[in-house]
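Structure first, commentary second.
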Amino acid sequence: VQKDNGSRMKLSQYKAQSARHILIYGPPKSGKTGAIGQLAKKFRLHFVDLEDSIKTLLNPAILPAEFLDNIDLIRIPDKQTYPMGIETVLKILKGGTSVICHEHGKVTCPICSKDPNAITTSLNLAAFENDKDILVIESYSQLAESAMNYIMRDAIAKDNFDAKAGWDEYGKQGRILERIGSIIQVAPFNIVVSTHEQMVEMEDGTKKIVPIGGTSNASKVFGKYFDDIVYCEVVNKTHRLISSSTAKANVLAGSRSGRELKPGDSLLQLFE
């Protein structure tokens with residue numbers, strides 16, 4: 001029997017890690033990408049773009065041109081017949097140095113590695129500094145689709161449009177996404193993930209808007225992987241960010257640190 005020597009970790013002694021894990025979600029064109037882009041005013045963003053949304057930040061009304069060099073673009077042309085998103089994101093999160101080509105979004109691309117003119121981006125999460133770097137994944141909803149398209153790749157290759165995902169396929173998708181979520185949950189680096197919204201029925205029978213994290217059941221608990229859940233909406237022709245769990249009864253949002261974004265605030269407030 002191990003003897004109790006009286007040593008214990010008191011909560012008053014615990015120091016939370018400085019890395020921030022933020023989920024931002026909402027309907028299309030609700031200001032998610034623009035809100036993320038504002039972080040480039042103080043941080044270097046390593047922007048993994050699965051849905052070609054980065055062009056939003058080329059609008060100087062959303063992000064002044066002087067901050068564009070603070071964004072390193074990792075472009076992944078993910079689509080149903082080319083589900084490269086899930087493959088590349090898993091390799092990035094696994095750790096080590098990933099060299100990703102701009103043309104195909106593939107790590108150590110066999111085609112681009114032979115082309116001296118190919119554009120590539122090197123990424124190593126272990127080199128991140130929490131006062132300087134943020135990994136951005138845009139978006140998780142596209143990543144979930146990429147995972148399912150990878151699982152269904154044989155039927156897709158045969159143009160079998162009657163093929164439907166069953167319990168086994170959704171189970172495989174869930175295990176893949178759980179791996180990503182578990183890495184995000186304990187990541188020692190800053191990460192901001194965007195996704196879209198869906199209405200689901202909760203256990204008490206009420207309906208609530210939640211961030212897409214896979215299936216409807218997975219989406220109900222997807223927020224557990226993040227410190228802050230921010231909801232985007234448009235009110236009176238103005239983009240609004242919500243981070244309070246009590247701001248809207250039918251919308252999932254909240255912050256473990258109790259930080260509440262007020263009108264006019266940006267995501268930068270969550271890093272202070």
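Residues in region 213-272 that are within 24 Å of residue 173 (Cβ to Cβ) and hydrophobic (A, V, I, L, M, F, W, C): 218, 221, 222, 226, 229, 252. Scanning region 199-219 for residues that are in a loop (DSSP other than H, G, I, E, B) and touching a strand residue (DSSP E or B) at 6+ places or on another chain (Cβ under 9 Å), we see that the one that is nearest to residue 35 (Cα to Cα) is 212. Pairs linking a residue in region 50-77 that is under 17 Å from residue 29 (Cα atoms) to a residue that is open to solvent by 40 Å² or more (accessible area, probe 1.4 Å) and among the aliphatic types (A, V, I, L, M), with Cβ atoms under 8 Å and 6 or more positions apart or on different chains, are 54/73; 56/62; 57/68; 58/68.
Of all residues in region 136-150, those being closer than 21 Å to residue 190 by Cα and either in contact with an Asp or Glu (Cβ under 8 Å, 6 or more places away or on another chain) or not small (Gly, Ala, Ser) (or both) number 7.
Scanning region 123-145 for residues that are open to solvent by 20 Å² or more (accessible area, probe 1.4 Å) and not acidic (Asp, Glu) yields a total of 7. Scanning region 36-49 for residues that are open to solvent by 90 Å² or more (accessible area, probe 1.4 Å) and either without any contact (Cβ under 8 Å) to a residue 60 or more places away in the chain or assigned to a strand (DSSP E or B) (or both) yields a count of 1.
Any idea which residue in region 87-122 is farthest from residue 148 (Cα to Cα), counting only those that are of a type in the set (D, E, K, R) and surrounded by 12 or more Cβ atoms within 10 Å (Cβ to Cβ)? Residue satisfying both the conditions and the ranking: 115. Looking across region 219-237, the residues that are touching a residue at least 24 places away in the same chain (Cβ under 8 Å) and under 15 Å from the mean Cα position of the chain (by Cα) come down to 222, 223, 224, 225, 226, 227, 228, 229, 230, 231, 232. Being in a loop (DSSP other than H, G, I, E, B) and either charged (D, E, K, R) or surrounded by 20 or more Cβ atoms within 10 Å (Cβ to Cβ) (or both) narrows it down to one of 189, 222, so name that one. Just one listed residue meets the conditions, 189.
Among the residues of region 101-119, are any out of contact with any Pro (no Cβ under 6 Å at 6 or more places or on another chain), in contact (Cβ under 8 Å) with a residue 12 or more places away in the chain and closer than 22 Å to residue 36 by Cβ? For region 101-119, residues out of contact with any Pro (no Cβ under 6 Å at 6 or more places or on another chain), in contact (Cβ under 8 Å) with a residue 12 or more places away in the chain and closer than 22 Å to residue 36 by Cβ: present. In region 220-246, the residue that is farthest from residue 86 (Cα to Cα) out of those that are touching a strand residue (DSSP E or B) at 6+ places or on another chain (Cβ under 9 Å) and of a type in the set (S, T, N, Q) is 246. Within region 146-162, the residues that satisfy the criterion of being open to solvent by 40 Å² or more (accessible area, probe 1.4 Å) and either in contact with a His (Cβ under 7 Å, 6 or more places away or on another chain) or modelled with pLDDT under 95 (or both) are 153, 154, 157, 158, 159, 160, 161, 162. Number of residues in region 229-256 that are exposed (fewer than 15 other Cβ atoms within 10 Å of the Cβ) and closer than 18 Å to residue 193 by Cα: the value is 1.
Of the residues making up region 52-86, those that are farther than 21 Å from residue 190 by Cα, acidic (Asp, Glu) and open to solvent by 40 Å² or more (accessible area, probe 1.4 Å) are 52, 66.
The values are calculated or read from the model by the stated rules, or taken from the named source; none is laboratory data. Quantities reported herein were computed from a predicted structural model and do not represent experimental measurements. Positions of Cβ are generated from backbone atoms using ideal geometry, with glycine treated the same way; all protein chains shown enter the neighbour counts. These area figures cover heavy atoms from the full protein model, side chains too; ligands, DNA and RNA do not enter into them. Shrake-Rupley method; radii C 1.70, N 1.55, O 1.52, S 1.80 Å.
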